[in-house]
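See below for the structure under consideration.
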Amino acid sequence: MKITKDMSIIEVVQKYPDTAMVFMYAGMGCLGCAAARFENIEEGALVHGIDVDKLVEALNEIAAASDEADETAPEIEGVAK
């Protein structure tokens, strides 16, 4: 899944939990606040004075690594992937 600036912050963090560190490092440490539930990435970045394009690029790097890890993970019989 490609992350875009129109996606909600909480949607991205739920799908890719490792992206939480990117948001926090960028200065958006209030992932648990009410705004994270309805703000999209662009709105959150604007409020915090963050370059949205650089943020989305960093988020997509983490998402790609996560997707790649999921694809290469060995399947274990009886355990859902």
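Observations on the model:
- Within the stretch 22-68, the residues that satisfy the criterion of being in a helix (DSSP H, G or I), at pLDDT 85 or above, of a type outside the set (A, V, I, L, M) and loosely packed, with under 14 Cβ neighbours inside 10 Å are 25, 53, 54, 57, 61.
- Test: residue in the stretch 37-46 that is among the basic types (Lys, Arg) and touching a residue at least 24 places away in the same chain (Cβ under 8 Å): yes
- Positions within the stretch 25-74 being among the aromatic types (Phe, Trp, Tyr) and more than 13 Å from the chain's Cα centre (by Cα), in sequence order: 38
The values are calculated or read from the model by the stated rules, or taken from the named source; none is laboratory data. Quick caveat, the model's predicted, so the values are computed rather than measured. Please note: Cβ atoms are built from the backbone with ideal geometry, for glycine as well, and neighbour counts cover all protein chains shown.
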